[in-house]
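Quick notes on the structure that follows.
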Amino acid sequence: MLTFVGRRLLATIPLLFLVSLVVFSFVHVLPGDPAVLFLGEEATPETLAQFRTRLGFDRPLTAQYAEWLGGALQGNLGRSLRTNQPVTEAILQRLPVTLELLAAALLVSLAIAIPMGIVSAVKRNSGVDLMSTVFALVGFSMPNFWLGLILIYVFALFLRWLPPSGFVPLPADLADNLRSLILPAITLGTALAALVTRQLRSGMLEVLRQDYVRTAQAKGLSQRLVVGKHALKNALIAVVTVVGLQIGGLLGNTIITETLFALPGVGRLMIDAIFSRDFFIVQGVILFLAVGYVLSNLVVDVVYSYLDPRIRLR
Amino acid sequence: MKAWRTLAMMLAVCALAAPDWTAVPAQAQVRGGTIRIGMDADNTTMDPHRSTAAVDRQVYNNIYGKLVDIDSKFGIVPQLAQSWDVKNGGLTYVFKLRRGVKFHDGTDFNAESVKWNFDRMRDPALASPRRSEIAPVKDVKVVDPSTVEIALSAPFTPFLSVLSDRAGMMVSRAAVEKYKDDFARNPVGTGPFRFVEWVKDDHLTLRRFDGYWEKGLPHLDEVVYRPIPDSSVRFTAMRTGQIDFMHQIHPKDVAAAKAERGLRVSEIPSLWWQGIHLNNQVAPFSAKALRQAIWYAVDRPVIQRVVYYNQGGPAWSPFPPSMWAQDRDFTDWRRDPAKARAKLAEGGMPNGLSFTIKGWNQPTQVQELQIIQVQLKEIGVDMKIELLEFGKLLADLNGHNFVALRLGWSGRPDPDGNAHVFLHSKGGLNRVRYGNPKMDELLDQARSEADQAKRKALYTQVTRLGAEDAPYIWLHHDAEVKVWAEQVKGFEHISDGMIRLKGVWLEKR
């Protein structure tokens, strides 16, 4: 198991290097001159040139890249052009918000999907199954921001149960923290819940048809044990893959969710930085998200190999 | 036009009948409390000499004292400068400064500070966006601790108006020397509120400055700015009482805001203009007649009705109705398809023409372009729309890489700031490369003329020549709308849209 993890870790190094290269060049081919956006429309060519020199934008790209990568390896991603805050500090400040949001969304989606998936597989073609199919279809095709707006209108504006926006940090007040996360977590988690429900349903159906399940049933094991232990664990393998792969998508969607609900997370940081052409922040956040994505895939592989030992042996 | 007049009249009537927000009422002001303000974006920097974002100014107006300010009629009123003399045919400005003013860090504000601030803005190493705004400044001299003399290289009537914004904001030298580049996160000014904390994308807090020079002000204890980028969510936060004041409301929500109990809505003309830049140096719009064809083909009132929900008014010049420079007698901007077709023929394109307009990929702007597209189609002009990201749009504008381009201007209190940069052949934002010696002469005269009546006559000529040459197709002047909870009192709504908080107080419920 350890060698497997080690081997997978080593494999991520060239991948991360590639990611850093793409991130760096990506930001530099973005249209729009940061100097102009920064100094305003009426800046003279002379001022623009001074600005570029001050930030090293006039040096060759290779030199800029080498310096940036060298710094990145030591955890130094430069400073924000606008606020002069170190990029790493800016990201770390917002990370708890995004992680909490991701965790809550994951929790919401699994809490909906696992029971729903199991029941609709066991009671195939029943009313419950139909309901879950409708939920999955709607949940998956509904745009994230639209669902968010509807939730805000219903729960914040009409029922006045929950705040429409804003974030209360966990250490400040647990109850308020949860209240501020409910709507964003549902917004972010619904599409994943829909996907997982369908995945689990088909996985369960597949497994329930297997011989060993029939054997277990023939031995007289209770339905609960057959479904819960024999079938579920095997059906979960596919679910883990789906969830793992979707974390990347969730990270992307946090940008929309955080902007909509005015949460001070990493996604907001990035959107703001893009609009104000805060180069180093954009670079830093993309690199950070890419690393997060790679690492979450690694975790998926490890969990996967735990659930299905055949994967490790290959 | 009719709708616009009606609106203006209604506003005037409202202002007369219910002046509870236009002037500070005679009710007893209450001290204390926290006001929560919902903003459309987060701030980018707290250093006024480095900022280019409009949202920054909202906060600066409460942290930083300025040499002068503007009132609701764009008259220049004293702030840190108690009085001023313009001498030498407009070449020298002598400012008498207020005594006993302190920065939030306890240091004194005086003539030395003013000189140091100007030197800072003019220092090429800082690469300050303010540098071009105060380009006419040749020399700043300390006469005595409360007198400062500024020499200009040429007469520049809008100078005081420029000093009523970021260029006139005085920062603390001691704080800049202490924090260096981190001053951008630790602002120190002389304003009614001092900076407390800024958690980016979450909130920015200011607290009453007890050493503020205006006795008895401010009324509020604390100000919390909360960035809520989505406009519907911001409005929901307003309706649910999460915030007391909101900056920027979508036109579609204004009716709902007026209908909502407990909210106050104020709608006045802004300083904005929205319009189309036509590249005057490439075909087809190098031909004046073809630019005029577009001018007559566009139906401005339809745009105002559909896109802006009847708010604001049609534009035929860079001067909005809030400005004394607007030529209200000018009528030759109404849609006239017959005239438009005649102009096409005159320009050698009787069968119409085809061109591509570049625009910002933003819903309101897209809608506006689509309406124009249909209107042009009717005279045989095929306009293709190319939507770009804002940064790319600006890059193409600056690189003159466009035939036609849709862009707005947030405006300046002095008409010069809305016109000179765009219409003068050497204007900093004249990206359409329009040049007419007569226009240059009019604009230069207007900027060095001190008498407002004479300036108005000059700007009337600018309007007429601008319509004749049609380097831009001005489309619309936005309305400036503010929404706040009814317990917020004492807010004076000025067309520049700034939320000045020193006189604002909260009624206890």
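The values are calculated or read from the model by the stated rules, or taken from the named source; none is laboratory data. The shown structure was predicted, so the numbers you read here are calculated from the model rather than taken from an experiment. Cβ coordinates were reconstructed from backbone atoms using ideal geometry, including for glycine residues, and neighbour counts include every protein chain displayed.
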Collect the residues in segment A:147-176 that are over 17 Å from B:I243 (Cβ atoms), surrounded by 16 or more Cβ atoms within 10 Å (Cβ to Cβ) and without any contact (Cβ under 8 Å) to a residue 60 or more places away in the chain, keeping them in residue-number order.
A:L147, A:L151, A:F155
With the condition kept exactly as written, say whether any residue in segment B:212-228 is within 30 Å of B:R131 (Cβ to Cβ), β-branched (V, I, T) and not in a strand (DSSP E or B).
no
Considering segment B:43-58 alone, what residues qualify as being among the charged types (D, E, K, R) and under 19 Å from B:L501 (Cβ atoms)?
B:D56, B:R57
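Each row is one residue, and each column tells you yes or no for (1) under 25 Å from B:G497 (Cα atoms); (2) free of Cβ contacts under 8 Å to residues at least 60 places away in the same chain; (3) exposed (fewer than 15 other Cβ atoms within 10 Å of the Cβ).
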{"position": "B:R98", "(1), (2), (3)": "no, no, no"}
{"position": "B:D108", "(1), (2), (3)": "no, yes, no"}
{"position": "B:M121", "(1), (2), (3)": "yes, no, no"}
{"position": "B:V137", "(1), (2), (3)": "no, yes, no"}
Looking at A:P45, A:P86, A:P96 in this structure, which one is under 22 Å from B:D182 (Cα atoms) and within 14 Å of another protein chain (Cβ to nearest Cβ)?
A:P86
Restricting attention to segment B:227-247, the residues that are surrounded by fewer than 20 Cβ atoms within 10 Å (Cβ to Cβ) and either under 22 Å from the mean Cα position of the chain (by Cα) or more than 10 Å from chain A (Cβ to nearest Cβ) (or both) number exactly 1
So is B:S132 within 23 Å of the chain's Cα centre (by Cα) and surrounded by fewer than 21 Cβ atoms within 10 Å (Cβ to Cβ) or not?
yes
Residue, nearest to B:Y64 (Cα to Cα), within segment B:121-138, restricted to residues that are basic (K, R) and within 14 Å of chain A (Cβ to nearest Cβ)
B:R130
Do we find a residue being modelled with pLDDT of 95 or more, in contact with an Asp or Glu (Cβ under 8 Å, 6 or more places away or on another chain) and assigned to a helix (DSSP H, G or I) anywhere in segment B:297-313?
yes
Restricting attention to segment B:31-46, and to residues there that are facing chain A (nearest Cβ under 9 Å) and assigned to a loop (DSSP other than H, G, I, E, B), which single residue is modelled with the highest pLDDT?
B:M46
Within segment B:436-466, count every residue that is small (G, A, S), touching a residue at least 60 places away in the same chain (Cβ under 8 Å) and surrounded by fewer than 19 Cβ atoms within 10 Å (Cβ to Cβ).
2
Could you please tell me which pairs satisfy a Cβ distance under 6 Å, a separation of 6+ or placement on different chains, a first residue in segment A:259-283 that is under 22 Å from A:G148 (Cβ atoms) and facing another protein chain (nearest Cβ under 10 Å), and a second residue that is of a type in the set (D, E) and part of a helix (DSSP H, G or I)?
A:G265/A:E258; A:G267/A:E258; A:R268/A:E258
Of the conditions (1) at pLDDT 95 or above; (2) surrounded by 16 or more Cβ atoms within 10 Å (Cβ to Cβ), B:A184 satisfies every one except a single condition; which number is it?
(1)
With the requirement that a residue be in contact with a helix residue (DSSP H, G or I) (Cβ under 8 Å, 6 or more places away or on another chain), surrounded by fewer than 21 Cβ atoms within 10 Å (Cβ to Cβ) and at pLDDT below 95, what does segment B:383-400 give you?
B:L388, B:F390, B:G391, B:A395, B:N398
Which condition does B:P129 not pass, out of (1) touching a residue at least 60 places away in the same chain (Cβ under 8 Å); (2) in contact with a strand residue (DSSP E or B) (Cβ under 7 Å, 6 or more places away or on another chain), if it passes all the others?
(2)
Take the residues in segment B:408-432 that are in contact with a strand residue (DSSP E or B) (Cβ under 6 Å, 6 or more places away or on another chain) and surrounded by fewer than 22 Cβ atoms within 10 Å (Cβ to Cβ); name whichever of them is nearest to the other protein chains (Cβ to nearest Cβ).
B:W409
Do the conditions hold for B:I243, that is, is it of a type in the set (V, I, T) and over 30 Å from B:S354 (Cα atoms)?
yes
Where in segment B:52-148 are the helices (runs of 4 or more DSSP H), entirely inside, with at least 2 residues that are of a type in the set (K, R) and modelled with pLDDT of 90 or more?
B:111-122
